[in-house]
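One structure is given here, and the rest of the page talks about it.
The values are calculated or read from the model by the stated rules, or taken from the named source; none is laboratory data. This structure is a prediction, so every number in the text was calculated from the model and none was measured. Please note: Cβ atoms are built from the backbone with ideal geometry, for glycine as well, and neighbour counts cover all protein chains shown.
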Amino acid sequence: MPHISLSNLMVAYGNQKVLQNITVDIPNNQITAIIGPSGCGKTTLLKTLNRLVDLYDEIRVEGEVRIDGADIYDPKADLLNLRKKVGFLSQKPYPLPMSIHDNITFGPRIHRMNRKELLDQIQELEKHIPIDSLCPNGRQEETRHSKTHEMAYLVEYYLRLAGLWEEVRERLHAPAAQLSIGQQQRLALARALAVEPEVILADEPTSALDPISAQLIEKQFKTLKNHYTIVVVTHILRQARRIADYVIFLYLGELVEHGPAEQFFSSPRDERTRAYISGEIS
Amino acid sequence: MHWRQIKDRLSAKSMILAVAFANSLVLLVGLGLLIKSIPILEKKSLFHLLLSSNWHPLRGEFGFYPFIVGTLEVTAIAMILAVPVCLLSAIYLSEYAHHRLREIARITVDIMAAIPSVIYGLWGVIVVVPFVCLLGKWLNTPTTGYSLLAGGIILAIMASPIIISVSLEVLRTVPIQAREAALALGTTRWEAIKHVVLRNAFHGILSAVILGFARAFGETIAVLMIVGNVPKVPTSVFDPAYPLPALLANNYGEMMSIPLYNSALLLSALILLLVVSAFNMTAHLTLMRVEKR
């Protein structure tokens, strides 16, 4: 069963419809790219998946968004649990106003996870992605004995998972705002991973970054997709070609076409898709 | 040179002049007060003037202590009453309220700020003083109602608009991404506000409070009307007090033949000016730092 399944989704700001008639299943453990010209509703679609659209005034959502079978717009839906399960990376990273270390531990602390839960969470994840596989230069001694301090181990594990550990290991207690913007985005990734989501939503996660950092983020996504379902909004067609397994093409708030990336790019069915891919419209 | 270019230069120069004039006023006022207060500073030590409780102008004793204590206490009461209520209102308006309610509240707050202080004073006499009198009776502390507490209540009301509107502005400058970042991790609204929004806005809110403090500290007429004006150190909130601004407004221009009286009053004006300017400056410097981010 797919994690995320949309049917007849309609979203409007006031009287203006931004999305209509969206019906699509998002495949598990793949990278799904939402593409389309700017202003076509990509970000809105992404933010309906973790109900961040709730923050906007006069937003109206109709239709169904099911995550693991439960309608997340049900008035009785558990919003906190939803957002724990569905992590989010914004376009411009926003480091929480605290240290690098505390940015990572913020989520687990908010959810009041105890020592055992933390250890279980890491052990479960390590079955899929062992920490040694994240250490290109071999693991240092310190990581092993810090396993007794589960928070320290958690911080290291997720920073490694986001590809940031080597750059910040010496200054974990420095304010996160001191990091470069590329590092901040990887910190945001680590922070989102630390609450152990099943889905990661990313809103043009590389658009504010330099090419090297962008490449790092793409690389992390490819590693992470085996264990997480990833949905990326992008307006960069080449990025979608590089990383996407599945593509959703939106045009003026409508779902024009969706399908496996290979088929989508090689033999698009809709005229608008063909025009968009060939660069005639953008 | 063309006439248009000359006009351009002239307008630029005249604007500089206007700015320079307006800004030098602060210095001129301060300088004037300083010159006038020199005579008393030559006779008595500043330290003695600030800490002595004897206020007998006819005998040449000018102790400002009761007035300073009165000012501080009435301001402190005002802040204790105003700050929690104002911050909670600002947080509600910024984070929870519908934007229409926020706009309506903004207008109300602006009107509150524009009400002439003498009207607050009159309202204080009609409503707050009898209320404090009743409260005193109920607590077995006989009081006329003209007291520190009444002054504090009125000042709290008068300082509220600035505290609310500045903190509201500051909270609105916190980017929506800050809230998204926290909420996306599964925090409740309040957790997002407490850990991220308020931390982000801390300096700005601090300046809002300081600006409110400066307003309360220097407010004259409304306080004068209800605080009782007895030059004695008050022992309870139901006692009358005599803040510095009230002292000046009540006495300047009368009994000026008493030697040094004039100079003593102007020294207290100078002290008031310095304290209020210092608070204002701190607040603005902090706000500037907030804006730079």
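Annotations
- Among the residues of segment A:73-88, those identified as surrounded by fewer than 15 Cβ atoms within 10 Å (Cβ to Cβ), out of contact with any strand residue (DSSP E or B) (no Cβ under 9 Å at 6 or more places or on another chain) and more than 8 Å from chain B (Cβ to nearest Cβ) are A:D74, A:P75, A:K76.
- Residue match in segment A:106-127 (condition: in contact with a strand residue (DSSP E or B) (Cβ under 9 Å, 6 or more places away or on another chain) and more than 8 Å from chain B (Cβ to nearest Cβ)): no
- Residue match in segment B:92-102 (condition: more than 14 Å from every other protein chain (Cβ to nearest Cβ), out of contact with any strand residue (DSSP E or B) (no Cβ under 9 Å at 6 or more places or on another chain) and modelled with pLDDT of 95 or more): yes
- A:S133 vs. criteria outside any helix (DSSP H, G or I), away from every other protein chain (no Cβ under 14 Å) and among the polar types (S, T, N, Q): no
- Options B:G186, B:G204, B:G212; residue that is at the interface with another protein chain (Cβ under 9 Å from one of its Cβ atoms) and either crowded, with 17+ Cβ neighbours inside 10 Å or touching a Lys or Arg at 6+ places or on another chain (Cβ under 8 Å) (or both): B:G186
- Any helices (runs of 4 or more DSSP H) falling wholly within segment A:34-123 and containing at least 3 residues that are among the hydrophobic types (A, V, I, L, M, F, W, C) and closer than 20 Å to B:R179 by Cβ: A:79-85, A:100-110
- The residues on offer are B:I226, B:I271, B:I258, and the sole one that is surrounded by fewer than 19 Cβ atoms within 10 Å (Cβ to Cβ) and of a type in the set (A, V, I, L, M) is B:I258.
- Pairs, first closer than 11 Å to B:V223 by Cα in segment B:110-139, second among the polar types (S, T, N, Q), C-beta under 9 Å, six or more apart: B:S117/B:T220
- Matching residues, segment B:162-182, being of a type in the set (V, I, T) and either assigned to a helix (DSSP H, G or I) or more than 14 Å from chain A (Cβ to nearest Cβ) (or both): B:I162, B:I163, B:I164, B:V166, B:V170, B:T173, B:I176
Per-residue answers, yes or no, for (1) hydrophobic (A, V, I, L, M, F, W, C); (2) in contact (Cβ under 8 Å) with a residue 12 or more places away in the chain; (3) assigned to a helix (DSSP H, G or I):
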| residue | (1), (2), (3) |
| --- | --- |
| B:K232 | no, yes, no |
| B:F238 | yes, yes, no |
| B:L265 | yes, yes, yes |
| B:S268 | no, yes, yes |
| B:A278 | yes, no, yes |
| B:R289 | no, yes, yes |
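- Among the numbered conditions (1) among the hydrophobic types (A, V, I, L, M, F, W, C); (2) within 23 Å of B:P243 (Cα to Cα); (3) in a loop (DSSP other than H, G, I, E, B), the only one that B:L185 does not meet is (2).
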